[in-house]
Structures are given as C-alpha cells and as structure tokens.
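To start, the structure under review is shown below, and the notes come after it.
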Amino acid sequence: MNRKTRILLITGRDAFNDIKLLDWSDLQSIYEITIIQAQIPIISLISPKILTATLSEFDANDFDLVITSGLIPWNLKVIKSPFSSKIKKGPRFLVNLPELIKNFDPFNFSPETPADKLYRITKKENLELIIEKNRQNFRNHPHPNGFILKNKKNNILFNPNLPPVLIGEIVDAPKLSFDDISIKVESYIKNGVNIIDFGCIANENHSDVIFEMISQLKKKFQIPFSIDSINSDEIHSAINAGAQMVLSITVENYSDLLDLNKDTALVIIPISQKEHNPLTSQKKIERLIHLWKVLIKNGFTKILMDPITGVPISPGFTSSIEILSSLKLRIDQTYNELKNQEYIHKPELFMGFGNVTELIDGDSSGINTLLSIIAIELGVSGILSTEFSNKCRNNLKELSESIKLAYYANQLHVPPLNLGITAFQFKSKQDFPKYVSFNEPTKQIDFIDQPAIMDPKGYFKIYIDEKKKQIMITHFNNSVNFKDATLTLVGDNAESLYKMIIKSNLVSKLDHAAYLGKELIKAELALKLGMSYIQS
C-alpha cells in the first residue's frame, strides 16, 4: 500500500480554527495533512525568522511538502532550513486550499507566486465553485434549515449557507401595463434577481388583473413569481396563476389561506391592520413564532420570517438587527423543543431592504453593501428590494454584487476586503496615475466662459431612454424651432455614437466635437450608474 503524501500546513493563530474546520474529506485518501499555527496572529505578517523558527520544531524527513499562505509578501526561497526545497505558497486565502489541492498537484506550487494566481483561478470562478459545492451539500444532505422552490430553469434554494435569494419587487404592479412590467422583469433578471415580486396596492382588490398578468408573465419568463399583498383574494388569484410565494402572511389573513398549495413558500410578518400602536420587539417575535407553529401544523413547510425592517431614524433601523438576532435564537430554541414532531420544519429569516434604501437620500450602493453584510452575518436566506424611486435606479444590480461580496467574505471567514470581488459603483481603490515630467513647459489654464459659436453642420439634443437603457442623440439643422431634426442615433456606448456622428459628417468644429464627446460620456455614465442626466 502506497504511503500518503504528508503535508505540513502553516497558518496564523487567528485563522487556525477556521482552517481546521474546512472540508478535507476529499483529500484524506491521498494526503495526510498536519495543520499548525505559527506564533503570530496573521500569517501574512510572518517574517523569515519566525517561519524558520516554526519549521525548526519539526523533522523535515516527516513531511513531503510544506504549504503556507499566498499572502506572504516575500519569496519563500530565502528560508534557510532543511525544509527549503519543500516549502510552497498556497492560495492567498487558505480556505481555498482543499479545492486547489484536489484539482492541481501541490508539488508544482511555487515558493514565490500564490497558488490561486499561478493557476489563474479567478475570484468569480472560486465563488462559483463554493456556491456549487454548498448547493450539492444541501441537495445531498437533508437539513432542517432551508427549502427548494422548484422552477423550470433553475431551482431556487433558500439556505443560510447559500447566498440569500434576491427578490425584486415591482411596486404597484396592477397599475402598470403588461409591456411596462415585462421591461422591468427583463431588467431585474439581467441585474441578478432570482424571484420577481408582484407588489400590490394597499386597500384595493385587483384579483382579476393579478391573475391575468401573472399568467401571461409565466408564459414569457422562466423565473418564479411571488405576490406581495395581504388581501386573500389577490393572493389566491396569484397562486392560481402560477405564483409560488406569498410575502405577507399575517394574523388576520392566514386562516383564509390554509387551503393554498402546501408547496407554496410563505413569508410571515408580525403586523396587523387593526393595531395602531407599534408592537414591542418581544411581541413581534411571539407573533411570528405563533404563526409558524400554526402553519406547520397545517402542512406548510416552506416558511420565512420577516420582522419588517425599520425605517432609519424614525422609528429606527438598528432595532431591526436586534429583533432578527433575537428571533434567530428563539427559532433555534423552539425548534429544539419541537423537533421530535414529524411536521416540524425550521423557518428561514427574511429581510426587506426597501425601507432603508428608498428612505435615505444617500447613494444606495454603499447602503446595500452594509445591509448585505448584516443580512449574511445574521443568516438571512431571502432579501426583498426594489427600484421604485429615481435614486434607486440600478439598485438591484448593486445589491446583487453586494450579496456576492458579503457571501464570499463569509465563506472565507475574512473581512470583505481585497477579495477580488467588490461592490464599488462610484469609487475604486486604485491610485490616480502619477504625472511624470518630460521637462516640458507647463501652462495653467483657468476657466473662461466663452460664448458658443454654432457649428454650420447643426446641433444635437441628447436624451436617455430609461426604459430601454439607451442614449438617444438627435441632430438638428441650425434653426431654433426644433422642427428640422435630420437623424436620431440610438445606442448605449458613447464612443460608438460619436464615431458615427463623425462618419455621418454631422460635425465640423473641433470644439463642438469635443463638447459632444464630453456630453455623451456623461450620458453613458448616467445610464450605467443610474444617475440623472441633463445636457449642458
């Protein structure tokens, strides 16, 4: 019988326990891995002296290979030790090591280049590997946490060990035309939404419209739909039309909904229209637990709890974190008390972000990033958001990226920093380019407001078609009545548009061409970043 390859894996004190808890099972038949901690908190800060001293405690003949973090900034060849020829850099984050050893020969790792860079494993690819592995674990090993929402194209998995399911709400959907809703659905899907939520109008009944709309949308799009209404008639219409999820189960409407298909996913909320005074945190939790018990006794197994995220400042957001944290503990406690009963299924946590992003006059991208981190730290499995106000254009795209960043960091047990995945929309971590002098003269140019001289070829008006996500630039002859348009160019790329303007011989002055280039770039950035655009 061949001897297993013996690997000495060196990490720091902070990461030691996390590394030990990684899944090494796929490697155990080939490798014998010994994990040790150097006397330093963070392994990337280790010096050659400390690493040499750490190695001196072991016999080089006992190990075939030594692997440490790829974040160590210096070349491991400087180590003077019996281990010198055996020591290699693993990936920059050692949590990726099992997958790398499984797919590549660790003897070919480098003492100079991190293994993930050596094999060009991108962060996106690694994130996808982690998600797929966790999906397989969830499918193959039944767990009290989580459930599957079946769909023709991709099944939707709710589980705290997977990225939260992103649900995009179309606000006041019954008021919109089928074409307008279809445009929104296409945009939401493109921006990473997993479920489309049909948002209804309070104190109104649009059951017939809801049935017709969702029926038609189900034929056009292969994505699950949910219904956000407390009206029992509207909910029944949506489910009959093919919706698979209900977002507003309350103490007042649940008894009318016990006849729903037991495969329907239900989000329970603690509010009541009959109550005018706000509930205490404890009463919210008690009501959610009560509704959960009632629903599981009636055969429902796909349940999420939403304590309702508070509006910032008034009445306040931070209490929402406290309630979710307390609710999570209460769910575990109640589940342990009831788990011997056959019908028991553990509910998932659910958060709506709209009460925060829509009700702050601040950039939604940073807000989404922080909310996503909070949600993933709390183990939330479903997130609801929308793009209702102008300031929340592209909100769901931002949120999708934020979820990836927060989830990846959580899986690696590291801060959401320097992971190769970011949630930046307006800023970046890169330096400005440094000016290098060529000993040429420098001239300071001050702003001078000069009157424009019209281009004999005409002038342009630039617009953004928000629905179609296009820039429209219309050429006019030199009249003042806006009635002599000659051509409208449509596209989403500034360079392609201004090159076509030049090719079409619609501009003759250099300053006019420079102005058009500036304005088209502004329009393109506004289109991509969700900002407003007004032509100067």
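Output the number of the condition that ASN390 fails; it satisfies all remaining conditions of (1) touching a residue at least 60 places away in the same chain (Cβ under 8 Å); (2) touching a helix residue (DSSP H, G or I) at 6+ places or on another chain (Cβ under 8 Å); (3) within 25 Å of SER364 (Cα to Cα).
With respect to (1) touching a residue at least 60 places away in the same chain (Cβ under 8 Å); (2) touching a helix residue (DSSP H, G or I) at 6+ places or on another chain (Cβ under 8 Å); (3) within 25 Å of SER364 (Cα to Cα), ASN390 is out only on (2).
List every residue pair whose Cβ atoms sit under 7 Å apart, with the two residues 6 or more apart in sequence or on different chains, where the first one lies in the range 428-457 and is farther than 30 Å from GLY366 by Cβ and the second, anywhere, is basic (Lys, Arg) and surrounded by 10 or more Cβ atoms within 10 Å (Cβ to Cβ).
From residues that are farther than 30 Å from GLY366 by Cβ, the pairs are ASP455/LYS509.
In the set PHE225, PHE221, PHE147, PHE198, which member is in contact with a Lys or Arg (Cβ under 8 Å, 6 or more places away or on another chain) and closer than 21 Å to LYS397 by Cβ? Talk me through it step by step, then tell me what you get.
Working: PHE221 fails: in contact with a Lys or Arg (Cβ under 8 Å, 6 or more places away or on another chain); PHE147 fails: closer than 21 Å to LYS397 by Cβ; PHE198 fails: in contact with a Lys or Arg (Cβ under 8 Å, 6 or more places away or on another chain).
Every option except PHE225 fails the conditions.
Looking at the range 219-228, is at least one residue under 17 Å from PHE178 (Cβ atoms), of a type in the set (Phe, Trp, Tyr) and out of contact with any strand residue (DSSP E or B) (no Cβ under 9 Å at 6 or more places or on another chain)?
Within the range 219-228 (the criterion being under 17 Å from PHE178 (Cβ atoms), of a type in the set (Phe, Trp, Tyr) and out of contact with any strand residue (DSSP E or B) (no Cβ under 9 Å at 6 or more places or on another chain)), the answer is no, since none of the residues qualifies.
Does the range 498-518 contain at least one residue that is in contact (Cβ under 8 Å) with a residue 12 or more places away in the chain, closer than 27 Å to ASN390 by Cα and in contact with a strand residue (DSSP E or B) (Cβ under 6 Å, 6 or more places away or on another chain)?
No: the range 498-518 contains no residue that is in contact (Cβ under 8 Å) with a residue 12 or more places away in the chain, closer than 27 Å to ASN390 by Cα and in contact with a strand residue (DSSP E or B) (Cβ under 6 Å, 6 or more places away or on another chain).
How many of the residues in the range 232-273 are in a loop (DSSP other than H, G, I, E, B) and in contact with an Asp or Glu (Cβ under 7 Å, 6 or more places away or on another chain)? I'd like the intermediate steps shown before the answer.
Just the residues of the range 232-273 that are in a loop (DSSP other than H, G, I, E, B), to begin with: 242-244, 250-253, 257-264, 269-273.
From what is left, the residues that are in contact with an Asp or Glu (Cβ under 7 Å, 6 or more places away or on another chain) are 269, 272-273.
Here the count works out to 3.
What number of residues in the range 518-532 are crowded, with 17+ Cβ neighbours inside 10 Å and of a type outside the set (A, V, I, L, M)? Talk me through it step by step, then tell me what you get.
Residues of the range 518-532 crowded, with 17+ Cβ neighbours inside 10 Å: 519-520, 522-524, 526-527, 530-531.
Pick out the ones that are also of a type outside the set (A, V, I, L, M) and you get 519, 522, 524, 530.
Counting residues in the range 518-532 that are crowded, with 17+ Cβ neighbours inside 10 Å and of a type outside the set (A, V, I, L, M) gives 4.
List the number of the failed condition for PRO73; all other conditions in (1) of a type outside the set (Lys, Arg); (2) part of a helix (DSSP H, G or I); (3) loosely packed, with under 13 Cβ neighbours inside 10 Å hold.
(2)
What are the residues in the range 435-477 that are among the aromatic types (Phe, Trp, Tyr) and either more than 30 Å from SER187 (Cβ to Cβ) or part of a loop (DSSP other than H, G, I, E, B) (or both), if any?
Our first condition is that a residue be among the aromatic types (Phe, Trp, Tyr); within the range 435-477, this holds for 435, 438, 447, 459-460, 463, 476.
Selection gives TYR435, PHE438, PHE447, TYR459, PHE476.
Restricting the search to the range 331-347, which residues are charged (D, E, K, R) and crowded, with 16+ Cβ neighbours inside 10 Å? Explain how you work it out, then say what you get.
First, pick out the residues of the range 331-347 that are charged (D, E, K, R): 332, 337, 339, 342, 346.
Within the range 331-347, LYS346 is the sole residue that qualifies.
Hey, among LYS89, LYS102, which residue is in contact with a helix residue (DSSP H, G or I) (Cβ under 8 Å, 6 or more places away or on another chain), surrounded by 15 or more Cβ atoms within 10 Å (Cβ to Cβ) and of a type outside the set (Val, Ile, Thr)?
Details: LYS102 fails: surrounded by 15 or more Cβ atoms within 10 Å (Cβ to Cβ).
Answer to the selection: LYS89.
Could you grab me the full set of residues in the range 301-319 that are buried (at least 22 other Cβ atoms within 10 Å of the Cβ) and either without any contact (Cβ under 8 Å) to a residue 40 or more places away in the chain or touching a Cys at 6+ places or on another chain (Cβ under 9 Å) (or both)?
PRO307
Could you say which residue among LEU76, LEU94, LEU71 is modelled with pLDDT under 85 and touching a strand residue (DSSP E or B) at 6+ places or on another chain (Cβ under 9 Å)? Steps first, please.
Values: LEU76 fails: modelled with pLDDT under 85; LEU71 fails: modelled with pLDDT under 85.
Criteria check complete, one pass: LEU94.
What's the number of the only condition in (1) touching a Leu at 6+ places or on another chain (Cβ under 8 Å); (2) among the basic types (Lys, Arg); (3) not in a helix (DSSP H, G or I) that ARG287 fails to meet?
Checking ARG287 against (1) touching a Leu at 6+ places or on another chain (Cβ under 8 Å); (2) among the basic types (Lys, Arg); (3) not in a helix (DSSP H, G or I), the one that fails is (3).
Which residue, of PRO41, PRO82, is of a type outside the set (Lys, Arg), assigned to a loop (DSSP other than H, G, I, E, B), free of Cβ contacts under 8 Å to residues at least 40 places away in the same chain and under 30 Å from ASN161 (Cβ atoms)? Working first, answer last.
Details: PRO82 fails: under 30 Å from ASN161 (Cβ atoms).
Result: PRO41 is the single residue among PRO41, PRO82 that is of a type outside the set (Lys, Arg), assigned to a loop (DSSP other than H, G, I, E, B), free of Cβ contacts under 8 Å to residues at least 40 places away in the same chain and under 30 Å from ASN161 (Cβ atoms).
If you take the residues in the range 478-497 that are assigned to a loop (DSSP other than H, G, I, E, B) and at pLDDT 90 or above, which one is farthest from ASP465 (Cα to Cα)? Spell out how you get there, then give the answer.
Taking the range 478-497 first, the residues assigned to a loop (DSSP other than H, G, I, E, B) are 478-484, 492-493.
Restricting the remaining residues to those that are at pLDDT 90 or above gives 492-493.
Numbers: ASP492: 10, ASN493: 13 Å.
Here the answer is ASN493.
Restricting attention to the range 92-128, and to residues there that are charged (D, E, K, R), in contact (Cβ under 8 Å) with a residue 12 or more places away in the chain and part of a loop (DSSP other than H, G, I, E, B), which single residue is nearest to LEU65 (Cα to Cα)? Outline the logic, then answer.
Start the filter on the range 92-128 by keeping residues that are charged (D, E, K, R), which leaves 92, 99, 102, 105, 112, 116-117, 120, 123-125, 128.
Okay, now just the ones that are also in contact (Cβ under 8 Å) with a residue 12 or more places away in the chain, so 92, 99, 102, 112, 116-117, 123-124.
Narrowing the set further to residues that are part of a loop (DSSP other than H, G, I, E, B) leaves 92, 112.
On the way: ARG92: 18, GLU112: 15 Å.
Going through the qualifying residues, I end up with GLU112.
Among the residues of the range 321-331, is any of a type outside the set (Asp, Glu), touching a His at 6+ places or on another chain (Cβ under 7 Å) and assigned by TED's automatic domain parsing to the domain that holds ASP197? Lay out the reasoning, then the answer.
Initial filter on the range 321-331 (of a type outside the set (Asp, Glu)): 321, 323-331.
After this cut, where a residue has to be touching a His at 6+ places or on another chain (Cβ under 7 Å) as well, the list is none.
Checked against the condition, which is being of a type outside the set (Asp, Glu), touching a His at 6+ places or on another chain (Cβ under 7 Å) and assigned by TED's automatic domain parsing to the domain that holds ASP197, the range 321-331 yields no hits at all.
Might you check whether a residue that is in contact with a strand residue (DSSP E or B) (Cβ under 7 Å, 6 or more places away or on another chain), buried (at least 16 other Cβ atoms within 10 Å of the Cβ), in contact (Cβ under 8 Å) with a residue 24 or more places away in the chain and farther than 30 Å from ALA173 by Cβ occurs anywhere in the range 349-363?
no
Hey, among the residues in the range 14-38 that are at pLDDT 90 or above and not aliphatic (A, V, I, L, M), which one's nearest to VAL78 (Cα to Cα)?
GLN37
For the subset of the range 17-36 comprising residues that are under 11 Å from HIS413 (Cβ atoms) and among the hydrophobic types (A, V, I, L, M, F, W, C), which member is surrounded by the most Cβ atoms within 10 Å (Cβ to Cβ)?
Step one: of the range 17-36, the residues under 11 Å from HIS413 (Cβ atoms) are 17-19, 21-22.
Among the residues that remain, those that are also among the hydrophobic types (A, V, I, L, M, F, W, C) are: 19, 21-22.
Details: ILE19: 22, LEU21: 10, LEU22: 16.
Looking at residues that are under 11 Å from HIS413 (Cβ atoms) and among the hydrophobic types (A, V, I, L, M, F, W, C), I get ILE19.
Looking only at helices (runs of 4 or more DSSP H) that lie completely in the range 309-385, which have at least 2 residues being touching a Phe, Trp or Tyr at 6+ places or on another chain (Cβ under 8 Å) and either under 23 Å from LYS427 (Cα atoms) or modelled with pLDDT of 95 or more (or both)?
Numbers: elements: 318-338, 354-357, 364-378.
Qualifying helices (runs of 4 or more DSSP H): 354-357, 364-378.
The values are calculated or read from the model by the stated rules, or taken from the named source; none is laboratory data. Note that the coordinates shown come from a computational prediction; the quantities given were computed from them, not determined experimentally. Here the Cβ is made from the backbone with ideal geometry for all residues, glycine too, and neighbour counts use every protein chain on show.
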